[in-house]
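Input: a single structure, listed below in structure tokens.
Any read-out appearing in this document is the output of simple, stated calculations on the displayed coordinates, not a laboratory observation. Only a predicted model underlies this, so the values are computations on that prediction, with no experimental measurement involved. In this analysis, Cβ positions are derived from the backbone assuming ideal geometry, glycine residues included, and neighbour counts consider all displayed protein chains.
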């Protein structure tokens, strides 16, 4: 199946289905002699894995990464890195009833319309299970970024809005320490301790009713140089948007700090030289790019997720023979699919940035 490879110089190909034997990836274009800490790769997978709190799918997976090639004595060889993550909690029989049905809101019908055949077990390749390979590859990309740039690069995200409640507008600030470090207290990545109890109450109500809600996540990358991005068709912000839109359930992406950035913008990102003769900007309304090339400011943006399609709510669907049917979808599903998406967003952003860094270095000799 085409469309399983992402990137230009740094190329990730993923493979595997939700209830197949394993999920995996091949990361090609990795420079040689990059030190790789496999504990950091595993830590990223642990952030993403299901079954960690009451508000995500109850499917439990160990998500242990197995490196097949490309590393030797803790360093990259410059050859393709191949890795596998075994699916240890397969329950394909749970989906037997769906073999002859097209679920509303899912890719069942479109996969069948395109290929004439589909894997009905949890969506197959259309399942969010596929993203485990992206998270692993994104952590490799982060290590490459920092090694090439010889400095730390901070890439992080939080849940900006849950349903119709916007946490950042209510508080006018992101409490990053609360959003990213208090996992036991704040398992959902809320950026505000005042807002968190209200979101927990909302999620408990959704879980009890079997319904779902959408969400908007905010992301940022700090520590990147100016100059990343290619005119005209490979602009950095365009490639970031493509990377985010490749994630399941994503329906909108905006660069800058709001979806209304263009309509509401009243000025420009004015420039000046500081006392160290370095270019600085008064604001960052454009989200860290101008003309599709990074400015050296933080890369910032928003990603909007639709509600989880699998709920207990009765909805109209079709059988594979075109007969109408009323469906309720039971199983191990999230009341808000976006809550587990933070490491996935960060991985896709990192893969995009690392790819563009290597392209910039190859063309211009920088980095």
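Taking the Cα centre of each part, how many Å lie between region 102-168 and region 209-231? So the two Cα centres are separated by 12 Å. Its DSSP H runs of at least 4 residues, each contributing -39,500 (n - 2.57), put the calculated 222 nm mean residue ellipticity of the chain at -8500 deg cm²/dmol, to the nearest 500. Debye-formula intensities of the chain, expressed as log10 I(q)/I(0) at q = 0.08, 0.10 Å⁻¹, are -0.42, -0.66 (one equal scatterer per alpha-carbon, no solvent). When the chain is treated as a GNM with alpha-carbon contacts under 10 Å, the residue of 167, 282, 254 showing the greatest mean-square fluctuation is 282. In the distance distribution for region 149-288, Cα-Cα pairs more than 26 Å apart total 36 percent.
Considering only DSSP beta bridges where both residues belong to the chain, give the percentage that are antiparallel (nearest 5). Mind dumping the intermediate values first?
Details: 55 of 55 bridges.
Around 100 percent of the beta bridges assigned by DSSP in the chain are antiparallel ones.
Applying 1/(1 + (r/R0)^6) with r as the Cβ-Cβ distance of residue 246 and residue 278 and R0 = 41 angstrom yields a FRET efficiency of 0.75.
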